[in-house]
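Everything below concerns the one structure shown next.
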Amino acid sequence: MPSVPKDAAAVILLRPNTDPNNPEVFWVKRSQKLSFLGGFHAFPGGQLDSTDSEAKVENAANPETAAMISCAARELFEELGVLAARGAQTLTAGQRVSLLDDLTSGRMSWAGLLEHYDLRLDARDFTFVGRWVTPPFSARRFDTWFFLVDCPLKQEPNVVQGELERGEWIAAREAYGRWERSEVLAVPPILHGLKTLGEGITADLISRFLSKPQAHSEPVRKIEFRPNYICFPVRTPTRPPATHTNCYLIYTSKSLLVIDPGSPYEDEQLALQTAVEDLLSAGRKLHSILLTHLHPDHVGGVNALREHFGSIKVTTHAETATALRESISIDDLLSDGDVIVLEGEPAMALRVLHTPGHARGHLCLHDDRTGTLISGDNIVGLGSVLIDPPEGNMRDYLTSLERMRSIPNLSVIFGGHGPAMANPNEKIDEYINHRLERERNILTAVRNGAGSPAQIVASVYTDVSPKAHAMAERAVLAHLEKLEADGKVAHDGDRWTAA
Ligand SMILES: [Zn+2]
C-alpha cells in the first residue's frame, strides 16, 4: 500500500518591491546529505506540527487553512529567519534571531511566541496558490499547501538550518531556465511555480497557478525531474516498501525511448499507453523499448505495449534475452559500450553500461551531456537492492557500483524505484559503504563461529525484522560467495568457516 501523505506547507517568497515583469523569488538547495530529495532545489517549507493550529491566524477562511498558514509561517521563520507576521516590523534583526533561538530551543512555543510579542499572522498575507500531493511511488509523501508571500521589508532571508545547503534570490524565469538547461533538479510543483511566476505578476497570476489539476491534489503522473526524461511510475507487484516501478520516457523532438514498462495491471498499462500516445502525437517516432533487467516488475507491461503499438523493437542484454525467451521476444541485443542515439532536438546519445550484480544482464544508461544515469535496480530511490544468488552476485555488484562511481560529472541518478537522486556520488558511496560494512560484520560473525546464513543473520541483521530474515539470508549468501572468491572464507558443503 502506498503511504498516506502528510500535511505540509511551503512558501514562495517574493522579493520586496520586485519587478512584476521579472519577479524574483527565494529558492533553497536541500543538503546533499538528505536521503529524501537531497540536492534538489525547493521553496522553504515543511511538515505540519501538531501545535501549529494553536497559533491564531486572522481572516482565515477556516481552521484548516489557519493551521496550514501557521505551519507555512513557522517553517519560513525556522528555515530562513523571516517572520511574516504583522507587528514584526518593530523588531530588530537581533531580536528576531533571539526569538528564533527561543523557538528552536523549545523555550517558547510558536503560538506562545507570537502572542507574547504581539505578532499577528494574517491570512491576507498568505495567498494560496495550490495544493500538491507527492505521487504514490515515494515512501515519503506530502500533501503540500503552497502560499505566495511578500517578503517583509527590511528582512533578509538567511538559510539557518542544517537541512538546507544554501538559498538565494533569483528571477523565477532564470531559475526555470536553469532547470531547462539541466543545471538543477526540482519537483513538479516547484517547476510549475517558477514557470508561472516567470511569466510575470499579472492579474491572472493566481488562476494560472491553479490552472493545473495537480494544483488541486491530483497526483502528478509524469514527473519531469530533468527535461526530456519523464519518470512515469507504474504500480507493480514489487518488493516493499516500493509499490511502483519507474518507467522512463526519454524523448527528443523526433524520437521516444521507453525504459522498463513494468506493470502487469491493465489500468496502469492503459495509463502508460496514453502517455506514450501523447508524446507520439506531436510527431515523434517510437525508437524502442529497453529493458534494464529481467525482473517481472520491470518487464511486466512489455507485451501489452508492443501489442498496442504494433512493431516496436525491444532491446536488452543477451543474458536478459536468454532468461526471458519463453515470455518476451527480444529484437536487438545491447552490449557494454553501445550508444543509443535519439534523433531530433536535443540530440541525445545514451551509452549502455553492462552492470551485473543485481542481475546478470543488468544495464544502466549514461547521458554524458547532462550527467544523467539511468540506474535500473542497481541504485534505487526507495528501499534496498536485493542481491540474490545465483542471479545476484555481490562481487559483480560492488564492481558495478565502483564503475558507476567513476563516471565523471554525474548530476542525477534515475533509479528503478522512488524519486530521482540529485546527490549521485553521495548515494553511490552510501551504497558501497553499506555493503562493505555488512561484509566486515559477516566476516567477523564467521570468525566468531557462525557457520550458516541463518546464524549470521541472527547476529548481524539485528536491525531487520524476523519477517525479512529469509531475504536477509539470501543477501548473506551473496556476501559469503564474494568472501569465498576473495579467499577470506571457505565452505565445506555444510558450514562456512574463516579461511
Ligand atoms: Zn530488480
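Read-outs: derived from the displayed coordinates by stated rules, not from any lab. Note that the coordinates shown come from a computational prediction; the quantities given were computed from them, not determined experimentally. Ideal geometry is used to build each Cβ from the backbone, glycine not excepted, and the neighbour counts take in all protein chains shown.
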Near pairs, Cβ below 6 angstrom, 6+ apart or cross-chain, from the range 455-467 (at negative phi) to any residue that is β-branched (Val, Ile, Thr): Ile456/Ile442; Ile456/Val476; Val457/Val476; Val460/Ile442
Number of the exception - Ala490 against (1) exposed (fewer than 15 other Cβ atoms within 10 Å of the Cβ); (2) among the aliphatic types (A, V, I, L, M); (3) within 31 Å of the chain's Cα centre (by Cα): (3)
Among (1) of a type outside the set (Lys, Arg); (2) surrounded by fewer than 19 Cβ atoms within 10 Å (Cβ to Cβ); (3) over 27 Å from Leu191 (Cα atoms); (4) in contact (Cβ under 8 Å) with a residue 24 or more places away in the chain, the one test that His317 misses: (2)
Among (1) in contact with a helix residue (DSSP H, G or I) (Cβ under 6 Å, 6 or more places away or on another chain); (2) crowded, with 21+ Cβ neighbours inside 10 Å; (3) touching a residue at least 40 places away in the same chain (Cβ under 8 Å), the one test that Leu76 misses: (1)
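Select, from Ile407, Ile413, the only residue that is within 16 Å of the ligand (Cβ to nearest atom) and not in a helix (DSSP H, G or I).
Ile413
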Odd one out for Thr104, checked against (1) exposed (fewer than 14 other Cβ atoms within 10 Å of the Cβ); (2) polar (S, T, N, Q); (3) in contact with a strand residue (DSSP E or B) (Cβ under 6 Å, 6 or more places away or on another chain): (3)
Evaluation of Ser281 against (1) crowded, with 17+ Cβ neighbours inside 10 Å; (2) away from the ligand (no atom under 15 Å from the Cβ); (3) over 22 Å from Arg403 (Cβ atoms) (one fails), failing number: (1)
Lone unmet requirement of (1) under 27 Å from Gly300 (Cα atoms); (2) crowded, with 21+ Cβ neighbours inside 10 Å; (3) touching a Pro at 6+ places or on another chain (Cβ under 9 Å) for Gly167: (1)
When residues of the range 291-303 are limited to those that are within 15 Å of the ligand (Cβ to nearest atom) and out of contact with any Gly (no Cβ under 7 Å at 6 or more places or on another chain), the one farthest from Gly357 (Cα to Cα): Val302
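Say we look at the range 416-426 and pick out the residues that are in contact (Cβ under 8 Å) with a residue 60 or more places away in the chain and within 20 Å of Leu363 (Cα to Cα); which of these is farthest from the chain's Cα centre (by Cα)? I'd like the intermediate steps shown before the answer.
The initial filter retains those residues of the range 416-426 that are in contact (Cβ under 8 Å) with a residue 60 or more places away in the chain, namely 416-423, 426.
Among the residues that remain, those that are also within 20 Å of Leu363 (Cα to Cα) are: 416-421.
Values: Gly416: 11, His417: 9, Gly418: 6, Pro419: 2, Ala420: 4, Met421: 5 Å.
Here the answer is Gly416.
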Qualifying residue in the range 386-407 (condition: within 22 Å of Phe40 (Cβ to Cβ) and in contact (Cβ under 8 Å) with a residue 60 or more places away in the chain): no
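Based on this model, can you work out whether Lys222 counts as within 22 Å of Gly381 (Cα to Cα), more than 16 Å from the ligand (Cβ to nearest atom), surrounded by fewer than 22 Cβ atoms within 10 Å (Cβ to Cβ) and of a type in the set (Lys, Arg)?
Details: within 22 Å of Gly381 (Cα to Cα): yes; more than 16 Å from the ligand (Cβ to nearest atom): yes; surrounded by fewer than 22 Cβ atoms within 10 Å (Cβ to Cβ): yes; of a type in the set (Lys, Arg): yes.
The answer is yes for Lys222.
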Residue within the range 385-398 that is more than 19 Å from Ala420 (Cα to Cα), away from the ligand (no atom under 16 Å from the Cβ) and not in a loop (DSSP other than H, G, I, E, B) present: yes
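Taking the stated definitions as given, is Phe128 in a helix (DSSP H, G or I), aromatic (Phe, Trp, Tyr), in contact (Cβ under 8 Å) with a residue 24 or more places away in the chain and under 19 Å from Asp52 (Cβ atoms)? Let's see the steps before the verdict.
Details: in a helix (DSSP H, G or I): no; aromatic (Phe, Trp, Tyr): yes; in contact (Cβ under 8 Å) with a residue 24 or more places away in the chain: yes; under 19 Å from Asp52 (Cβ atoms): yes.
Against the criterion (in a helix (DSSP H, G or I), aromatic (Phe, Trp, Tyr), in contact (Cβ under 8 Å) with a residue 24 or more places away in the chain and under 19 Å from Asp52 (Cβ atoms)), Phe128 does not qualify.
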Output for the range 94-109, where each listed residue is farther than 18 Å from Thr51 by Cβ and touching a residue at least 40 places away in the same chain (Cβ under 8 Å): Arg96
